[in-house]
Structure formats: structure tokens, C-alpha cells
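No value in this document is a laboratory result; all are computed from the given coordinates. As the structure is a prediction and not an experimental result, all values here were calculated from the model. Don't worry about glycine lacking a Cβ; one is built from the backbone with ideal geometry, like all the others, and counts go over all protein chains shown.
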């Protein structure tokens with residue numbers, strides 16, 4: 001089978017010439033017209049001996065040539081867009097750094113005033129809690145004194161059972177003091193509590209997952225590290241929970 005003209009090795013252009021290649025609709029359609037038939041051509045190939053195997057390999061190499069031809073059209077533009085993205089990313093990084101530097105005094109000022117507000121809030125919360133405790137202690141003391149007077153009066157009148165009941169009631173009854181009103185809210189800002197986390201013992205976490213005390217989603221396999229070890233150890237690799245298998249493909253050697 002003779003390779004169509006479009007799939008023969010093209011004359012390579014210089015990088016500067018390649019960058020100005022215009023991929024026209026006609027060019028795209030011409031490439032598609034040839035490549036779209038390759039799967040059907042491949043299905044018609046049967047390897048039954050060394051000769052047909054060599055023919056199949058020749059077809060495989062022609063497919064690689066088609067890839068190279070398409071690459072001469074697309075890769076320069078792809079690289080140009082990659083270069084434009086790299087330039088845009090660099091410019092964006094510079095602007096982000098400039099913005100961060102410009103905001104640094106604001107961040108520092110916000111941190112100072114926020115810490116001052118939080119300090120006041122902590123002290124105010126402690127003061128309000130202490131005042132609440134003092135109010136409850138005062139109310140309990142007043143209730144006990146009132147109950148003691150009532151018990152003394154009952155006992156003086158000869159009703160010892162009533163006196164004992166009054167004492168027991170004041171001991172068992174809770175004292176309710178309404179809490180003070182909440183502090184005034186600030187306009188335009190609010191206090192937000194965010195919970196953070198840190199893994200301090202990975203082995204303990206693994207054991208917790210293994211024992212069912214923590215969900216499996218708390219762990220994630222490092223497939224990059226596993227694949228690197230499998231590639232190095234090949235068939236000798238063995239690990240519970242991991243399946244390996246060989247996968248053979250064909251590639252062009254350029255010879």
C-alpha cells in the first residue's frame with residue numbers, strides 16, 4: 001500500500017517559517033480525509049508471517065510519519081499559545097506580587113486592630129461571665145437568707161416539718177438570674193470562627209481508618225510514588241491492595 005502524498009514526510013520548515021503556517025479549513029479537511037481512513041486500513045491488516053508482520057510495521061511507521069506531518073502544522077501554534085500563556089502567567093504573577101505588596105500595610109493595620117478588638121472581646125466576655133456568676137451567687141445567698149428567716153419563723157411557731165421543708169426546698173431549687181443583654185454588634189464586620197486541622201500522627205490516622213474509626217476518604221494513595229516504585233521493581237513489586245500488570249505497546253525507534 002503506497003502512502004498518500006499528504007502522509008509522506010514533508011520538507012521541514014525553519015521554526016520562524018513554521019510559526020507563520022496558517023492552518024486553513026482546506027488543510028484541516030485534507031488531513032482529516034487521509035487520517036480518518038487509517039483505522040479501517042489497519043483493520044484490514046492481518047499478520048500471519050514475518051513478511052506480513054514487516055508490512056504491518058511499515059504501516060505503523062507511516063502512521064508515525066502522519067503524526068509528524070500534522071505536528072509541523074499544529075505544534076508551532078500550540079507552542080506559541082503556550083509561550084503566550086507563560087508570558088501572561090508571569091505578568092499575572094508580577095501584578096499579584098505588586099498587589100500583595102501594596103496591601104501589606106493594610107494587612108498589618110487590620111491585624112493590629114483585629115487583635116485589639118479580640119483582646120477587648122475576651123476581656124469583656126470574662127467580665128460579663130464574672131458578673132453573671134456574682135449575680136447568681138448574690139441571688140442564691142438572698143434566697144437562702146429569706147428561706148432561713150421563713151424556716152426560723154415556722155420553727156418558732158412550732159412547725160418543725162415546715163421549717164425543714166423550706167430549707168430542703170431552697171437547697172434543691174436552682175437560682176435563675178437572667179443573663180445580661182448581648183454586647184452591641186459592629187456594623188460592617190463580624191467575628192468569624194474558623195476551625196483548622198493538622199495531621200500530627202500519620203500512623204495513628206492510618207490505624208484509625210483501618211479500624212473503621214475514621215473514613216477511608218481521610219487517606220489518599222500517592223499514585224506518583226507508587227507508579228515510580230512499580231516502574232523500578234516491575235514484576236517483583238508486591239503490595240496488598242495494589243494490582244500491577246504489564247502493558248506492551250509499539251513505538252517508533254527512528255531507525
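Please compute the length gained on full extension between residue 202 and residue 74, using 0.36 nm multiplied by the number of residues separating them and subtracting their Cα-Cα distance. Display every interim value, and only then the final one.
Numbers: separation 128, 0.36 × 128 = 46.08 nm, distance 4.70 nm.
Net length gain for the segment: 41.4 nm.
To check my understanding: the extent here is largest minus smallest coordinate of the Cα atoms along each principal axis. What are those three numbers for segment 5-172, in Å, largest first?
Rounded to whole Å, the extents work out to 126, 54, 29 Å.
Compute the Rg/Rh shape ratio of segment 53-124: radius of gyration over Kirkwood radius, all on alpha-carbon atoms.
My calculation puts Rg/Rh at 1.61.
Tell me the Rg and the Dmax, in Å, that the Cα atoms of segment 150-194 produce.
Considering segment 150-194 through its Cα atoms, Rg and Dmax are 22.8, 66 Å.
At a Förster distance of 51 Å, what's the computed FRET efficiency of residue 189 paired with residue 25, Cβ-Cβ distance as r, to 0.05?
The pair residue 189/residue 25 has a calculated efficiency of 0.35.
Explain nothing, just the number: relative contact order of segment 99-203, from Cα pairs under 8 Å at least 6 residues apart, as a whole percent.
Relative contact order for segment 99-203 comes out at 23 percent.
Over all pairs of distinct alpha carbons, what does the Kirkwood formula give as the hydrodynamic radius of segment 79-196, in Å? Mind dumping the intermediate values first?
Working: mean 1/r = 0.0476 Å⁻¹.
Result for segment 79-196, one decimal place: 21.0 Å.
When only Cα pairs under 8 Å and 6 or more residues apart are kept, what is the percent relative contact order across segment 5-172?
On the way: 62 pairs, mean separation 34.4, N = 168.
Dividing the mean separation by the residue count of segment 5-172 yields 20 percent.
Kindly provide the helix-only [θ] at 222 nm of the chain, computed as the sum of -39,500 (n - 2.57) over DSSP H runs of four or more divided by all residues, to the nearest 500 deg cm²/dmol?
That calculation yields -22500 deg cm²/dmol at 222 nm.
Run the Debye formula on the Cα coordinates of segment 201-255, all scatterers equal and no solvent, and tell me log10 I(q)/I(0) at q = 0.12, 0.14 1/Å.
Calculated log10 I(q)/I(0) at the listed q: -0.46, -0.58.
Just want the ordering: 118, 197, from fewest to most Cβ atoms lying within 10 Å of their own Cβ. Working shown, then result.
Working: 118 11, 197 5.
Placing the least packed residue first, the sequence is 197, 118.
What are the extents of the Cα atoms of segment 159-255 along their three principal axes, in Å, largest first?
115, 46, 20
Take every Cα pair under 8 Å in segment 128-255 that's 6+ residues apart, average their separations, divide by the length, and report that relative contact order as a whole percent. Please report the intermediate quantities before stating the final value.
Details: 47 pairs, mean separation 19.5, N = 128.
Relative contact order for segment 128-255 comes out at 15 percent.
Going by alpha carbons, how many degrees (0 to 90, nearest 10) lie between the helix axis of 223-233 and the longest principal axis of the chain?
Value to nearest ten degrees: 50.
Treating the angle as unsigned and between 0 and 90°, give the value, to the nearest 10°, between the Cα long axis of helix 50-156 and the longest Cα principal axis of the chain.
Approximately 0 degrees, to the nearest ten.
Residue 59 to residue 140: extension gain in nm, 0.36 nm per residue of separation minus the Cα-Cα distance?
Net length gain for the segment: 19.3 nm.
Label points 7 Å out from Cα along the Cβ direction at residue 83 and residue 119: separation in nm?
Inter-label distance under the simple model: 5.7 nm.
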